[in-house]
Amino acid sequence: MSNGYKVSLRERSALYNKDHQAIARRMKLIRDDFGLSNKAQKRIWKRFPVRDDSKRKRTLSEFFDSARQSLYWLRRGPEGWHLGATHLAPVPSQSLKKGNRPQFQPRQNATQGGYGAFYPYEHNYHHLIPIGAVEEWVIGKGESGSPARSDQVVKLILISRWNIHNEKNMVLLPQQEFEALIVGLPAHCPWGVPAHSAYQTALQSRLRTLRSQIDRAIRQKKHPKDLKADILDELNTLSKALLAQVKSMRAGVQLGTVNV
């Protein structure tokens with residue numbers, strides 16, 4: 001499996017690595033001492049979802065603390081939030097895991113690896129075509145061999161050499177809305193609710209159409225070699241279209257719906 005962090009960073013570093021200090025100052029989100037400005041605190045407070053949601057375990061105070069921790073790393077300079085930077089100081093000292101969440105780029109030793117999904121701000125890698133969407137609308141949910149799942153479709157996708165973790169299908173997104181506003185991208189799954197259902201549901205029709213095309217080819221007994229290029233092209237084309245829409249989404253709010 002590809003390392004999603006590395007392939008996305010290699011492909012899209014210019015998208016992530018800007019002068020975030022200058023951007024935060026221009027937006028009046030930081031004080032001179034890199035504390036949260038009144039404007040920033042008010043925005044976090046107003047955007048915090050007030051609802052009874054058992055999935056959300058974190059409090060408003062914790063989101064303020066998270067934003068302050070991000071700004072601690074931003075104070076290092078214009079490159080303070082650059083992903084993949086190795087020359088900055090200070091750097092964190094943290095374990096490979098935080099709670100039950102894995103770090104996406106585990107530290108290997110004193111000179112290799114990184115500090116994971118919580119540095120320099122909390123971020124995740126987002127599959128432009130999500131794993132859950134492929135499972136539900138292309139290969140079918142269920143165990144291998146069950147009526148709900150097509151092992152033949154799985155084999156055809158594998159033959160196509162499409163990798164859901166390839167750089168065309170990966171983008172790193174800030175997890176929380178405050179940092180996303182400064183970075184200029186939508187937030188992945190903010191406020192402790194691990195889902196982007198509006199985004200994923202919008203892919204249903206396009207992916208079901210792909211599944212129908214594959215099913216028709218199977219019924220016509222087409223050779224897998226005659227199908228692999230079409231499957232690969234369709235999925236890569238979809239990833240490209242989705243990236244363009246993600247980049248054009250409103251920054252600083254959760255990843256929204258797409259039109260494909």
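The values are calculated or read from the model by the stated rules, or taken from the named source; none is laboratory data. On a predicted model such as this, the values are computed, not experimentally measured, just so you know. Positions of Cβ are backbone-derived with ideal geometry, glycine not excepted, and every protein chain shown enters the neighbour counts. Areas reflect the complete protein model, heavy atoms only, side chains present, ligands, DNA and RNA absent. Shrake-Rupley method; radii C 1.70, N 1.55, O 1.52, S 1.80 Å.
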Would you be able to tell me the number of residues in the stretch 240-260 that are over 16 Å from THR209 (Cβ atoms) and touching a residue at least 12 places away in the same chain (Cβ under 8 Å)?
14
Looking at PRO49, PRO102, PRO90, which one is more than 21 Å from CYS189 (Cβ to Cβ), at pLDDT below 95 and surrounded by fewer than 17 Cβ atoms within 10 Å (Cβ to Cβ)?
PRO90
Which of the residues spanning the stretch 235-260 are surrounded by fewer than 18 Cβ atoms within 10 Å (Cβ to Cβ) and more than 30 Å from ILE44 (Cα to Cα)?
ASN236, THR237, LYS240, ALA241, VAL260
Is there any pair linking a residue in the stretch 116-140 that is at pLDDT 90 or above to one that is of a type in the set (Ser, Thr, Tyr) and open to solvent by 10 Å² or more (accessible area, probe 1.4 Å), with Cβ under 8 Å and at least six apart or on different chains, and which?
GLU122/SER66
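Pick out the one residue from TRP191, TRP162 that is modelled with pLDDT of 90 or more and at positive phi.
When all the criteria are applied, what remains is TRP191.
Restricting attention to the stretch 52-65, report how many residues are at pLDDT 80 or above and within 21 Å of the chain's Cα centre (by Cα).
At the first step, the residues of the stretch 52-65 found to be at pLDDT 80 or above are 58-65.
Cutting the leftovers down to within 21 Å of the chain's Cα centre (by Cα) gives us 58, 63.
Residues that pass the stated criteria total 2.
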Any idea which of LYS42, LYS28 is modelled with pLDDT of 95 or more, loosely packed, with under 13 Cβ neighbours inside 10 Å and in contact with a Ser or Thr (Cβ under 7 Å, 6 or more places away or on another chain)?
LYS28
Taking the criterion of being surrounded by fewer than 16 Cβ atoms within 10 Å (Cβ to Cβ), part of a helix (DSSP H, G or I) and not acidic (Asp, Glu), would at least one residue in the stretch 178-192 satisfy it?
no
Taking the stretch 2-25 and the residues there that are closer than 17 Å to ARG75 by Cα and outside any helix (DSSP H, G or I), the one that is least open to solvent (accessible area, probe 1.4 Å) would be ASN17
Does ALA241 satisfy the condition of being farther than 21 Å from ARG10 by Cα and among the small types (Gly, Ala, Ser)?
no
Residue hits (the stretch 201-233; within 9 Å of SER160 (Cβ to Cβ) and surrounded by 15 or more Cβ atoms within 10 Å (Cβ to Cβ)) are PRO224, LEU227, LYS228, ASP230, ILE231, LEU232
Only residues that are part of a loop (DSSP other than H, G, I, E, B) and among the polar types (S, T, N, Q): list them for the stretch 69-92, please.
THR86
